[in-house]
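The values are calculated or read from the model by the stated rules, or taken from the named source; none is laboratory data. Not measured: the values here are computed from a predicted model. Don't worry about glycine lacking a Cβ; one is built from the backbone with ideal geometry, like all the others, and counts go over all protein chains shown. What goes into the accessible areas is simple: the full protein's heavy atoms, side chains included, and nothing from ligands, DNA or RNA. Shrake-Rupley method; radii C 1.70, N 1.55, O 1.52, S 1.80 Å.
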Amino acid sequence: MAEPFVLYERRGSLALITLNRPDAGNALNNALAQELDAALRRAEQEIDAKVLVLRARGPDFCVGLDLSGEKVDELAQLPTSGTLPSMDKLLDRERRRARRWEYLYNFPRPTVAQVQGRCLGLGLTLAMCCDVCFASEDATFGDPSVALGLLPTNPLWTYFCGIKKAKDLLYTGRTIGAREALSVGIVTSVVPPTRLEAEATRYAESVALSPGDGLAWVKESLNLTLEARGVGAAWRLLSEMQVTQTLQLRAVAPEDGWFFATRNARGLAAAQKELADLLSGAP
């Protein structure tokens, strides 16, 4: 029997959720995403789990969306093939997708991301949706969505980094190291690779010493501050923009879906090489 893609463990007051697809860089496909949903629901139901730690096996935290060509419709509309669903189904799918990340962002207890290696695309969305992010010194962060002809998957960039740095990172799709990620607000703490698990766990355990109700209420009040600044509306707007993007790529500017066209014609490795060549020209 194959190992699950997501492992769940209780350690005292902590709920530990581990992405378990290391051979694929913990890339998100339908199966992993659905198992992650189930693990989060389980953690929410276990009231005595005061703090959630999200981590990953292998050298990388998460390299983003699985682009290998397998069915990933729940996670991304690959825009160059197949028949489009109706508008209401497109919008429903985008809203369900956005709710997945928003659910983690609003998870009713403190969440800690423990990041090593590459943290890209949807992987970075996962890390940014956590309240606190511990990163290994060798970790790298980035979102190549725009270079792929896609939209970023979360609206938190401006709130975390400020408008100018958010534009810089998303326009170029470049990756940044852990220290720069710390300086722009994506990461909370940078630690040596050999100390990552110990430091993230120590922090989570120290948070769990506080009363659970107090932790839940302070998180709710802080998230409501960003809600008042429009982050909730931004999540909803993102769904509508994703539908518009899908229609544009299919009907108006299909050439912007070059990555998927290259993947379908010449394979994933060729498409990834073209993407790497494109991103290497960024400052």
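Things to note:
- Looking only at segment 14-30, and only at residues there that are open to solvent by 30 Å² or more (accessible area, probe 1.4 Å) and without any contact (Cβ under 8 Å) to a residue 40 or more places away in the chain, the one that is farthest from residue 4 (Cα to Cα): 23
- When the residues of segment 200-222 are filtered to those that are among the hydrophobic types (A, V, I, L, M, F, W, C) and not in a helix (DSSP H, G or I), the one that is nearest to the chain's Cα centre (by Cα) is 208.
- Filter result for residue 180 (surrounded by 15 or more Cβ atoms within 10 Å (Cβ to Cβ), more than 30 Å from residue 93 (Cβ to Cβ) and without any contact (Cβ under 8 Å) to a residue 40 or more places away in the chain): yes
- Qualifying positions in segment 147-184 - in a loop (DSSP other than H, G, I, E, B) and among the small types (Gly, Ala, Ser): 149, 162, 173
- Flag for residue 267 being open to solvent by less than 80 Å² (accessible area, probe 1.4 Å), out of contact with any Ser or Thr (no Cβ under 9 Å at 6 or more places or on another chain) and modelled with pLDDT under 65: yes
- Residue satisfying all of: in segment 123-146; in contact with a Phe, Trp or Tyr (Cβ under 9 Å, 6 or more places away or on another chain) and part of a helix (DSSP H, G or I); most open to solvent (accessible area, probe 1.4 Å) among these: 146
- Search result, residues across segment 58-114 that are modelled with pLDDT of 90 or more, of a type in the set (S, T, N, Q) and surrounded by fewer than 21 Cβ atoms within 10 Å (Cβ to Cβ): 106
- Of all residues in segment 31-55, those that are open to solvent by less than 40 Å² (accessible area, probe 1.4 Å), farther than 21 Å from residue 135 by Cα and of a type in the set (D, E, K, R) total 1.
- Condition check for residue 217: modelled with pLDDT of 60 or more and open to solvent by less than 20 Å² (accessible area, probe 1.4 Å): no
- Residue check for residue 197: open to solvent by 80 Å² or more (accessible area, probe 1.4 Å), closer than 16 Å to residue 127 by Cα and part of a helix (DSSP H, G or I): yes
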